[in-house]
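These notes concern the structure reproduced below.
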Amino acid sequence: MIVVAKLMEDCGFLEKVDLELKRAERYSVFVSLVVFDLSFLEDHLGSGTSSVVQRLSMDARRRVREIDVVSVIDDHKIVLLLPETPRQGAEIAGRRVSEMLREQLAAEQIGIAEKVIPLEMASYPDAAGARTIRQFLEEYVQRHRN
């Protein structure tokens, strides 16, 4: 039952990403996606990783604009959907949220002070040579079909 609920949650977020991308394409506006990979926490927390990531995603939600969407996918990735945001704005939001994540983890005494939180970004219109939002969606769906 939990797996089905998680899949439905991921699908809801992916639908939002797809809708925002279609809106951006139609109206020639920006949209960006930022993905924080917190899988390294499994080394420190084991099975408790999922609950920490959920809590961190709620903190991230308070640090972004009301129109932005924050979700957790794959139980260890926090994803920000940033409508009407060019890549430069996504980089600023990514740094701000990354700093918040590091501060929260330090406050909870999870020893990652030396760790860099890996993140990926995709934007529309596409930055030259960067992975596109459409590629992100296709790769994510393909990974979960297997």
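This table checks each residue for (1) over 21 Å from Ala122 (Cβ atoms); (2) out of contact with any Lys or Arg (no Cβ under 8 Å at 6 or more places or on another chain).
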site: Glu15; (1), (2): no, yes
site: Leu33; (1), (2): no, yes
site: Asp37; (1), (2): no, no
site: Met58; (1), (2): yes, yes
site: Arg62; (1), (2): yes, yes
site: Glu66; (1), (2): yes, yes
site: Lys77; (1), (2): no, yes
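Figure legend. Inter-residue proximity from segment 106-135: first residues more than 19 Å from Arg23 (Cα to Cα), second residues modelled with pLDDT of 70 or more and among the hydroxyl-bearing types (Ser, Thr, Tyr), beta-carbon distance below 6 Å, spacing 6+ or different chains. Indicated pairs: Ile117/Ser98. Taking segment 36-68, which residues are among the aliphatic types (A, V, I, L, M) and buried (at least 21 other Cβ atoms within 10 Å of the Cβ)? Passing the criteria: Leu38, Leu41, Val53, Leu56, Ala60. Apart from one condition, Phe40 fits all of (1) modelled with pLDDT of 80 or more; (2) in contact with a helix residue (DSSP H, G or I) (Cβ under 8 Å, 6 or more places away or on another chain); (3) not acidic (Asp, Glu); the exception is (2).
For the subset of segment 76-106 comprising residues that are more than 14 Å from the chain's Cα centre (by Cα) and of a type in the set (Gly, Ala, Ser), which member is modelled with the highest pLDDT? Step by step, filter segment 76-106, then rank; the result is Gly89.
Quick one: which of Ile133, Ile110, Ile73 is at pLDDT below 90, over 30 Å from Tyr27 (Cβ atoms) and of a type in the set (A, V, I, L, M, F, W, C)?
Working: Ile133 fails: over 30 Å from Tyr27 (Cβ atoms); Ile73 fails: over 30 Å from Tyr27 (Cβ atoms).
Only one candidate passes the filter, namely Ile110.
State yes or no: is Arg143 surrounded by fewer than 17 Cβ atoms within 10 Å (Cβ to Cβ), modelled with pLDDT under 80 and under 11 Å from Leu33 (Cβ atoms)?
Numbers: surrounded by fewer than 17 Cβ atoms within 10 Å (Cβ to Cβ): yes; modelled with pLDDT under 80: yes; under 11 Å from Leu33 (Cβ atoms): no.
It is false that Arg143 is surrounded by fewer than 17 Cβ atoms within 10 Å (Cβ to Cβ), modelled with pLDDT under 80 and under 11 Å from Leu33 (Cβ atoms).
Among the numbered criteria (1) over 14 Å from the mean Cα position of the chain (by Cα); (2) modelled with pLDDT under 90; (3) charged (D, E, K, R), which single criterion is violated by Arg62? The one condition Arg62 does not meet is (2).
The values are calculated or read from the model by the stated rules, or taken from the named source; none is laboratory data. Every value quoted in this text rests on a predicted model; they were computed, and no experiment measured them. Because the Cβ atoms are built from the backbone with ideal geometry, glycine has one as well, and the counts that use them run over all protein chains shown.
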